[in-house]
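Below is one structure; the comments refer to it alone.
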Amino acid sequence: PENLNNSLLGMQLLKTGMHHLKFRGFQLSGVQYSANRKPHLNESVDFSISHSGELVVCALTKNGRIGIDTEKLRPVSIRSFNRFLSASECLAPGDSGDAFIDLWTCNEAVLKGCGDCHLGQLKDVTISGDAARIGTRHFYLRRLGLLHGYKTCLATSAQQSNIELLPARLENGSLIIS
């Protein structure tokens with residue numbers, strides 16, 4: 001039920017974001033899904049939605065591609081996830097779970113930004129500081145501190161994108177839009 005609620009909240013944030021971008025007649029029925037289940041629009045807007053725990057975030061732009069991923073910090077077994085990362089990104093067993101989750105959110109944000117990529121391509125993503133590449137596509141990364149206890153990364157294909165960012169969380173059954 002929490003994932004369903006967060007997915008529905010993500011769609012409401014999309015609707016709010018489209019209104020902010022002056023797409024006044026936007027309806028959620030205009031959302032379509034690609035073969036890999038990534039939602040998209042036929043409008044001149046790209047968007048990405050992510051949720052984890054109590055945090056839901058929607059990012060929209062009229063300038064290029066966009067992807068966002070957020071993860072609640074938690075203990076992780078780095079060894080079991082290194083198989084998904086490129087050789088240059090593999091973390092040592094002593095590295096913290098926080099470092100892994102930071103890397104994971106950046107990788108997943110890039111895949112979401114591609115639009116036609118899938119999790120099986122995680123090893124194809126190369127991250128260097130605030131830049132990333134997958135194949136011939138380049139992305140600019142921004143690590144966002146939206147909520148304590150979470151890692152969030154935004155990936156955009158344009159360096160100076162005009163971005164509409166809508167984070168929200170559920171707190172004691174109430175919706176809090178940041």
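Worth pointing out:
- Qualifying residues in the stretch 103-121 (those that are part of a helix (DSSP H, G or I) and either over 21 Å from LEU144 (Cα atoms) or touching a helix residue (DSSP H, G or I) at 6+ places or on another chain (Cβ under 6 Å) (or both)) - the one most open to solvent (accessible area, probe 1.4 Å): LEU119
- Residues in the stretch 52-71 that are surrounded by fewer than 24 Cβ atoms within 10 Å (Cβ to Cβ) and either touching a Pro at 6+ places or on another chain (Cβ under 6 Å) or not in a strand (DSSP E or B) (or both): GLY53, GLU54, LYS62, ASN63, GLY64, ARG65.
- The set of residues from the stretch 139-176 being more than 16 Å from the chain's Cα centre (by Cα), part of a strand (DSSP E or B) and without any contact (Cβ under 8 Å) to a residue 24 or more places away in the chain comprises SER174, ILE176.
Quick grid of which residues meet (1) within 21 Å of THR156 (Cβ to Cβ); (2) surrounded by 12 or more Cβ atoms within 10 Å (Cβ to Cβ); (3) modelled with pLDDT of 95 or more; (4) touching an Asp or Glu at 6+ places or on another chain (Cβ under 6 Å):
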| position | (1), (2), (3), (4) |
| --- | --- |
| GLN12 | no, yes, no, no |
| LEU28 | no, yes, no, no |
| GLN32 | no, no, no, no |
| PRO39 | yes, yes, no, no |
| SER44 | yes, no, no, no |
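- When residues of the stretch 96-123 are limited to those that are in contact (Cβ under 8 Å) with a residue 40 or more places away in the chain and among the aliphatic types (A, V, I, L, M), the one farthest from CYS153 (Cα to Cα): LEU111
- In the stretch 72-95, of all residues being part of a helix (DSSP H, G or I) and basic (Lys, Arg), the one that is modelled with the highest pLDDT corresponds to ARG79.
- Taken as a whole, the structure leaves PHE100 outside the set of residues that are modelled with pLDDT of 85 or more and touching a helix residue (DSSP H, G or I) at 6+ places or on another chain (Cβ under 7 Å).
- One residue stands out among those in the stretch 142-162 that are over 20 Å from LYS38 (Cα atoms) and in contact with a helix residue (DSSP H, G or I) (Cβ under 8 Å, 6 or more places away or on another chain): the one that is surrounded by the fewest Cβ atoms within 10 Å (Cβ to Cβ), which is ARG143.
- ILE127 being open to solvent by less than 40 Å² (accessible area, probe 1.4 Å), closer than 22 Å to SER178 by Cβ and at pLDDT below 95: no
The values are calculated or read from the model by the stated rules, or taken from the named source; none is laboratory data. Because the structure is a prediction, the values reported are computed rather than measured. All Cβ positions, even for glycine, are placed from backbone atoms using ideal geometry, and neighbour counts span all protein chains on display. All accessible areas refer to the heavy atoms of the entire protein, side chains included, with ligands and DNA or RNA removed. Shrake-Rupley method; radii C 1.70, N 1.55, O 1.52, S 1.80 Å.
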